[in-house]
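Participant: Attaching a single structure in structure tokens format; questions to follow.
The values are calculated or read from the model by the stated rules, or taken from the named source; none is laboratory data. Please read these numbers as outputs of a predicted model, since none were measured by experiment. When we count neighbours, we look across all protein chains shown, and the Cβ atoms used for this are built from the backbone with ideal geometry, even at glycine. Please note that ligands, DNA and RNA were not included when accessible areas were found on the heavy atoms of the full protein model with its side chains. Shrake-Rupley method; radii C 1.70, N 1.55, O 1.52, S 1.80 Å.
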Amino acid sequence: MFALREVLMRKAGRTPRRALRGSAPGPGRASARTASAGLLAAALLITATATPSFAGSPPSRSPSAGYRSPSTGPNQVYRYGYSLGFHPFTSPHDVREQLTGNFWLFPVRGDCPAVVRPADECDLLGGNPVRVEAIGYDSLQIATLPGHDLGDGMHIRFTFARALGLHCLVVSAWQDRPTPCSERTLCSAASRTGAWVLWRVLAETMSISAYVA
């Protein structure tokens, strides 16, 4: 049957093509596989880089830093990650500096100053008092004060990271002790959902402003 097919193809002036097993894939398939591998490597790198060094450490008072570190235990409220897009010429420090130097970019700035510094106290939107606990090379940390809707003693840290030009924002929140809201399932779930939406707005804002950071 194969011989008959070969004869007919020769009469028609066509040369039969035989697929060779183990032959190299075409240029299009090879480039697609290379691109997929590159994206996977970038995703793994940014996931590793975006994980702050304090992950997994228990809450503790650092004499040098003067602020608490987050916990992955029962005191942790949430931990969210957001992409800020591709900014190969911008460092995480540049993005953090842009936020603390232009605090009107913060979605609920309230009456806080345009430039925030450690130990500053101000009210976020809705009369929610906070203190700027620390400003690091690539991070900003604030804490809620008595009178805040979520209760006092909640710490929120915003950490910026970059890998292969891709930036991300990691927001971690933990508390010193349970609050009336955290002890109620509905209130706690609503608080975490609201925070996810709010910090996504911040991430989208910073993804644009990072171009001029």
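Participant: How far apart, in nm, are the 7 Å Cα→Cβ label points at ARG184 and TRP104?
Facilitator: 3.6 nm
Participant: Kindly sort ARG117, ARG131 by accessible area of their heavy atoms, largest first, with the probe set to 1.4 Å. Could the numbers behind the result be given before it?
Facilitator: Working: ARG117 140, ARG131 85 Å².
Result, largest first: ARG117, ARG131.
Participant: Name the long-range amide H neighbours of LEU124: under 5 Å, sequence gap of 5 or more, or other chain; modelled H, no Pro or chain starts.
Facilitator: VAL130
Participant: Show me, for region 100-109, the HN-Hα J-couplings you get by feeding each phi into the Karplus relation (A = 6.51, B = -1.76, C = 1.60, θ = phi - 60°), rounded to Hz, glycine and proline as x.
Facilitator: 6, x, 9, 5, 5, 6, 5, x, 10, 4
Participant: Which value, in Å² and to the nearest 10, is the accessible area of VAL201 when all protein chains are kept and the probe is 1.4 Å?
Facilitator: Here the residue's solvent-accessible area equals roughly 70 Å².
Participant: Okay, moving on. Between ILE208 and THR193, 0.36 nm times their residue separation minus their Cα-Cα distance comes to what?
Facilitator: Details: separation 15, 0.36 × 15 = 5.40 nm, distance 2.34 nm.
Between ILE208 and THR193, full extension yields an extra 3.1 nm.
Participant: Consider all pairwise Cα distances in region 115-176 and report the whole-number % of them above 16 Å.
Facilitator: Working: 914 of 1891 pairs.
Tail fraction, whole percent: 48.
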